[in-house]
Amino acid sequence: MLNDFNKSFSTILSNKISKDYKYFLNLLIFFKINFQFSKMNPQKKIQRMITRPINYLFDLYQTKTRIQIWIFDNKDILFEGKILGFDEYMNMVLDECEEVNDKKKTRNYLGRLMLKGDNITLVRAIS
């Protein structure tokens, strides 16, 4: 009976559906190890916080932080500006936008600009 269970369990793990199951098991193992570590060292608590991309963009929008955007498949041109709005597809409207050419070391003022989310590779705050 136990051998039958092991065989059926191994066939489940070999299926494509089992990727989610393996991921879930890895998460359980990860949290178990962290929980045991925090029990051994109570003064050192491990705190992990996940920030979703939409939350990060919303924080940048609320604080009117100047951002830099890298464009897909064009490593020399960057856009800098403040977020006026965005949607779930990461389409963005930037204000006070400048096109920065890293290769030529030039800046071109564009004003208000709408960027399609498909073209955005990276968004980062400029301090």
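Each Lys or Arg adds one and each Asp or Glu takes one away; over the other residues whose Cβ falls under 14 Å from the Cβ of LYS82, this sums to -1.
The charge dipole of region 50-125, taken about the Cα centre with unit charges on the Cβ atoms of Lys, Arg (+1) and Asp, Glu (-1), comes to about 260 debye, rounded to the nearest 20. Quick one: go through region 49-82 and flag any residue whose amide nitrogen is under 14 Å from the point 7 Å out along the Cα-to-Cβ line of ASP118. Under cut-off, by backbone N: 72-73. Spread over its residues, the convex hull of the C-alpha atoms of region 48-127 is 102 Å³ per residue.
How much length is gained if the chain between ILE71 and LYS103 is pulled fully straight, taking 0.36 nm per residue apart and subtracting their Cα-Cα distance, in nm to one decimal? Please report the intermediate quantities before stating the final value.
Working: separation 32, 0.36 × 32 = 11.52 nm, distance 1.43 nm.
The ILE71-LYS103 span can extend by a further 10.1 nm.
Packing order of peptides 105-118, 83-96, highest average first: 83-96, 105-118 (average count of other Cβ atoms within 10 Å over each peptide's residues).
Bear in mind that the values in this text are calculations on the coordinates, not laboratory data. All values reported here derive from a predicted model rather than from experimental measurement. Glycine also receives a Cβ, built like all others from the backbone with ideal geometry; neighbour counts cover every protein chain displayed.
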